[in-house]
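Comments concern the structure below.
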Amino acid sequence: MERLGLDVSHYQKDIDWKKVAAQNRTFAIMKCMYEAQSHRKDEYFEENYRKCGIYGLSRGVYIFIGRCSIKDPEGDAKALLKHLADRPLEYGIWLDYESDHLKAQGKKKIQSMTHVYANLFRAAGYHVGIYCNKYWYDSMISQELRDEFDFWIARYPRNDLGEYNANSSLKPSYKKAVAWQYSSKGQLDGINGYVDLDVDFDGVVNLIGKEPYRKSNEEIAMEVLANKWGTKDTNPTREKLLTTAGYDYKAIQAIVNSMS
C-alpha cells in the first residue's frame, strides 16, 4: 500500500504535526543540517523530529550535497552523524543531488563521493538512498549507483497543484525508485505556505530500526576491488575511510592483496 508523506526544513517554520498526521501523512523527510562549512543544525530539526515521533510519523533526513560537501565529504558526513546522535531514522538518510556545483564534478566523482557518504552512514546503522530529479537520474547517475541504491525521484506536473495522481505518467517507473516527490507546491493544514509532498510506493522505504550495518572483511575487500573505498592517494584515503567506518584496514588490505 502506498504511503503519503512530506519533506520539510526551516522554510516551513513551526509545523502543527498533529494536523499533518490527521491528513493521512505517515512519514516526513527532514532537513537536519545546513550545507555550509559551519554545518550548523537546522533550527527546526529537533522539534520536527520530536513531534513526528509523538504523532506517529516515520522519520528520515536528507543531506544536500553541494559546494562545501565536495571539499570535505567525510567531514560533511561526520557532522550530520554528530547532529543525529545515534537516534533512529525509519526512513534513513537521503543524499540530495541537485547542486550545479556537484553536477560540474561529473559522473565518476559523483559516484566516488556517494560511496564516501554511504559507507559512513551505513556503518552507523542507517539506510542510504539518493534523491534527485529525472534529469539527474538520466544524465548524472552511473549504472552502478542505479543498481546499488534506492531512489527518491522528484518530478512535478507543469501545472503543479499539489495533487497526487497515482496513475500519472510522471510517476517514476525506474527499477529502484521507491519514492516520488510529486509536488513542490503542496498545501496542508498545519503548515503555512507550500510544502513538498511525497509518496512511498508500497511502504518499501520503511525498513530501518537502528542495527549496525556490517559486512564481512571479504565483502568489503570485494568492494575495495570495485573501487568503492578509494585508494591510498584519494582524500580521504582508503585506510581512513575503512577505519572511520569501523573496519580493520590491515585485515581487509591483506585479503585484497591476496585477490589481486
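The values are calculated or read from the model by the stated rules, or taken from the named source; none is laboratory data. Quick caveat, the model's predicted, so the values are computed rather than measured. When we count neighbours, we look across all protein chains shown, and the Cβ atoms used for this are built from the backbone with ideal geometry, even at glycine.
Here are the numbers for this structure:
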| quantity | calculated |
| --- | --- |
| Residue in region 209-225 that is at pLDDT 90 or above and among the basic types (Lys, Arg) present | no |
| Enumeration of residues in region 85-124 that are closer than 30 Å to residue 54 by Cα and touching a Leu at 6+ places or on another chain (Cβ under 9 Å) | 90, 91, 92, 93, 117, 118, 120, 121, 124 |
| Index of the failed condition, residue 181 passing every other in (1) modelled with pLDDT of 90 or more; (2) assigned to a loop (DSSP other than H, G, I, E, B); (3) within 13 Å of residue 27 (Cβ to Cβ); (4) not small (Gly, Ala, Ser) | (2) |
| Cβ-Cβ under 9 Å pairs, at least 6 apart or on other chains, region 11-36 side touching a residue at least 60 places away in the same chain (Cβ under 8 Å) and on the phi > 0 side of the Ramachandran plot, far side surrounded by fewer than 18 Cβ atoms within 10 Å (Cβ to Cβ) and not aromatic (Phe, Trp, Tyr) | 13/192; 13/193 |
| Lone qualifier among 93, 54 - being assigned by TED's automatic domain parsing to the domain that holds residue 196, closer than 21 Å to residue 15 by Cβ, exposed (fewer than 15 other Cβ atoms within 10 Å of the Cβ) and not aromatic (Phe, Trp, Tyr) | 54 |
| Failed item in (1) at pLDDT below 95; (2) more than 20 Å from residue 95 (Cα to Cα), with residue 186 passing the rest | (1) |
| Test: residue in region 182-190 that is under 14 Å from residue 7 (Cα atoms) and among the charged types (D, E, K, R) | yes |
| Some residue of region 115-122 being of a type in the set (S, T, N, Q), more than 23 Å from residue 6 (Cα to Cα) and crowded, with 21+ Cβ neighbours inside 10 Å | yes |
| Top-ranked residue of region 59-89 - restricted to ones that are in contact (Cβ under 8 Å) with a residue 60 or more places away in the chain and under 12 Å from the mean Cα position of the chain (by Cα), ranked as nearest to residue 116 (Cα to Cα) | 62 |
| Search result, residues across region 122-148 that are at pLDDT below 95 and of a type in the set (Phe, Trp, Tyr) | 126 |
| Tabulated pairs, region 225-254, first touching a residue at least 12 places away in the same chain (Cβ under 8 Å) and closer than 15 Å to residue 113 by Cα, second of a type in the set (D, E, K, R) and not in a helix (DSSP H, G or I), C-beta under 9 angstrom, 6+ apart or interchain | 236/72; 238/232; 242/248 |
